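The values are calculated or read from the model by the stated rules, or taken from the named source; none is laboratory data. This structure is a prediction, so every number in the text was calculated from the model and none was measured. All Cβ positions, even for glycine, are placed from backbone atoms using ideal geometry, and neighbour counts span all protein chains on display. For accessibility, only protein heavy atoms count, side chains too; no ligands or nucleic acids. Shrake-Rupley method; radii C 1.70, N 1.55, O 1.52, S 1.80 Å.
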Amino acid sequence: RARLLEFYNRHYIPANACLAVAGRFDSEGLRASLSSLFAGGPAAPVRARAAARVRGGVTHRVRRRFDTHVVQLGFGAPAITDADAPTWDVLATAVAGGSASPLVSTLRTLPGCLDVRADYDGEALGGLFVVDAHVAPGAGPRALQAASEVLATAAAGGLTRADMARARAGLAAERRFHRQTADGRAHAACYYREHFGD
């Protein structure tokens, strides 16, 4: 408990917070009422960004009694602030964004493969690219092999223009959708402020 409280008191302070307000409101009145909440207190702790930790060929197995199993492939990737980060976003969407994508269309034909997705997370461990396959018991090795082959093909230049166009259109639509709500705009304002400083 003492360690949790120490962490909370060190990090959850006004100097380490980002506040975004979106919608219809009185900006001057809100600014005045919030200024006292964000005044004073200790300086924000310096946060070092973790570099991706890459270890080749590591396999972890977690054995439990579940109805379905999950097979994951994880790869070190750049952090969100890296110039190559958008490429990884496009890659994840190109290989697994929708039923026509190579990963989804390939794994759905396998017996016992229930679902698959790919995700680029630029915040975890400096950056992480993950493929998740939800499978029935016993179908894990087939799903792992098929996913590995699809990714190898993509790495060798096997993504088509149609795959890339679909990925770009999907990402653009997702961003437009989030900008249509007050919640989406407030989240984006804090997200970009925290990661990029503006």
Inset, instruction - For a label point 7 Å from the Cα of GLN72 along Cα→C-beta, name the residues of segment 113-147 whose backbone N is under 13 Å from it. - result: 117-121, 124-125, 128-134
Legend entry - Helix-only [θ]222 nm of the chain, DSSP H runs n ≥ 4, -39500 (n - 2.57) each, per residue, nearest 500: -14000 deg cm²/dmol
Legend entry - Viscosity 0.890 mPa s, 25 °C: Kirkwood-radius Stokes-Einstein D of segment 108-173 over Cα pairs, µm²/s: 180
Inset, instruction - Among (1) 9, 36, 36, 17, 2, 0; (2) 7, 21, 17, 11, 11, 10, 7, 5, 4, 4, 2, 1, 0; (3) 8, 24, 28, 23, 13, 5, 0, find the value of P(r) over Cα pairs in 10 Å bins from 0, in percent that was calculated from the structure presented, and write down its label. - result: (3)
Legend entry - Accessible surface, 1.4 Å probe, highest first, among residues THR106, THR93, THR153: THR153, THR106, THR93
Legend entry - Highest average packing first - 134-141, 64-71, 3-10, Cβ atoms within 10 Å: 134-141, 64-71, 3-10
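Can you give me the accessible area per residue for the chain, using a 1.4 Å probe, in Å²?
70
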Inset, instruction - Could you order peptides 29-37, 80-88 by the average number of other Cβ atoms within 10 Å of their residues, highest first? - result: 80-88, 29-37
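So if each residue of separation counts as 0.36 nm, and I subtract the Cα-Cα distance between ALA15 and THR160, what length gain in nm does that give?
Between ALA15 and THR160, full extension yields 47.5 nm more.
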Inset, instruction - Could you compute the FRET efficiency for ALA169 and LEU114, with r as their C-beta to C-beta distance and R0 at 35 Å, rounded to 0.05? - result: 0.85
Legend entry - Fraction of accessible area attributable to carbon and sulfur, the chain (%, probe 1.4 Å): 55
Legend entry - Spatial separation of Cα centroids for segment 142-198 and segment 80-129, in angstrom: 8
